[in-house]
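Below is one structure; the comments refer to it alone.
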Amino acid sequence: MTTESFTVTGMTCGHCVASVDAELRTVPGVTDVRIDLVPGGSSNVIVTSDEPLAPADVAAAIDEAGYQLGDDRSDDGGRTTLPLA
Ligand SMILES: [Cu+2]
């Protein structure tokens, strides 16, 4: 079992949450979806899956619902890579 968290932008209400939830549950292996809505901002989404999640599948599901994956730089503890000019 695997749990992945990421952010989704563009959601504003419970209807948006329901759409994203429904699409993510169509991804193979997904058993649970938790969405912490931040209206108009970057909402935190946590997906639990029986199988390793393919990022492309997740991105496609979010896209299908009509929203965008946000920048995923929140919880990696400062592993931001900057080009050293
Ligand atoms: Cu909405």
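Here the gap between Ser19 and Asp71, fully extended at 0.36 nm per residue and compared with their Cα-Cα distance, gives a gain of 16.7 nm.
As a proxy for reagent exposure, ranking Leu53, Leu24, Leu37 by other Cβ atoms within 10 Å from fewest up yields Leu37, Leu53, Leu24. Does anything in the range 1-40 have its amide N under 17 Å from the 7 Å Cα→Cβ label point of Asp50, and if so which residues? Answer for this model: 1-4, 24-33.
Taken together, the values in this text are just the output of simple stated rules run on the coordinates, not laboratory data. Predicted model only: the values in this text are computed from it and were never measured. Neighbour counts are summed over all protein chains in view; Cβ atoms, including those assigned to glycine, are modelled from backbone coordinates with ideal geometry.
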